[in-house]
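Data first, discussion second: the structure below is written as structure tokens.
The values are calculated or read from the model by the stated rules, or taken from the named source; none is laboratory data. If you're wondering where the values come from, they're calculated on a predicted model, not measured in any experiment. Quick reminder, even Gly has a Cβ in these numbers, built from the backbone with ideal geometry, and neighbours come from all protein chains shown.
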Amino acid sequence: MEVFDSIGLDIGYVLLGSLGVTLIVVIMCIVLLCKVHSLKKKYKGFMSGSTMESMEDEITKRFKEISNLQVSAKEVKDQISNIEDTLKVVYQKVGIVKYDAFSEMGGKLSFVLALLTEDNDGFLLNSMHSSREGCYTYIKEIIKGESFVILSEEEKLALKQAIESRNLQA
């Protein structure tokens, strides 16, 4: 008591202050207990119906599913790679020109069809229609966009259309 008197404090104020701090600490403890109770309730809800062994089995099952998905993804990637390789040799560029092979004929019944791969390899199919004598069909090989045989104007135009045609992979 003499210590408080020498400082100039009344013992009643000190007791009231201590009581206030104690009350705040008690309220904080109650709030914390409520939060712990809430966490326990959530934890029990999470774990209800599941033993640790079943949780472990579930996790193992999910890892196996992930492994299976990785295998499937690799298979799909390989299939796409095979498709891309196949597309390189598939005729994917087309050019066609219709024309009158003989001036006395009308209706543009003759045509040149150019079919090329991605590397501009393929062929020209020229079908010349003549009503009296039938139809004459010729094929010319194309390598790297060029023919080693002389081409008619219609064949050159069909080849140019095919080379400039939009690639399906683009």
Legend entry - Complete set of residues in the range 85-134 that are in contact with a helix residue (DSSP H, G or I) (Cβ under 6 Å, 6 or more places away or on another chain) and basic (K, R): K93
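Residues are listed down the side, and each one gets a yes or a no for (1) within 30 Å of Y43 (Cβ to Cβ); (2) surrounded by fewer than 14 Cβ atoms within 10 Å (Cβ to Cβ):
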site: K64; (1), (2): yes, yes
site: V71; (1), (2): no, yes
site: E75; (1), (2): no, yes
site: Y99; (1), (2): no, no
site: N120; (1), (2): no, no
site: L159; (1), (2): no, no
site: I163; (1), (2): no, no
Legend entry - Checking N120 against (1) on the phi < 0 side of the Ramachandran plot; (2) at pLDDT 85 or above, the condition it does not meet: (1)
Inset, instruction - State all residues of the range 93-109 that are under 45 Å from the mean Cα position of the chain (by Cα) and free of Cβ contacts under 8 Å to residues at least 24 places away in the same chain; if no residue qualifies, say none. - result: K98
Inset, instruction - For residues that are closer than 30 Å to I83 by Cβ and crowded, with 16+ Cβ neighbours inside 10 Å, tally how many sit in the range 124-144. - result: 4
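Regarding I150, is this residue at pLDDT 85 or above and loosely packed, with under 14 Cβ neighbours inside 10 Å?
yes
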Inset, instruction - Could you check, for the range 43-60, whether at least one of its residues is touching a Leu at 6+ places or on another chain (Cβ under 8 Å) and among the aliphatic types (A, V, I, L, M)? - result: no
Inset, instruction - Please verify whether the range 30-49 includes one or more residues that are surrounded by 11 or more Cβ atoms within 10 Å (Cβ to Cβ) and within 35 Å of the chain's Cα centre (by Cα). - result: no
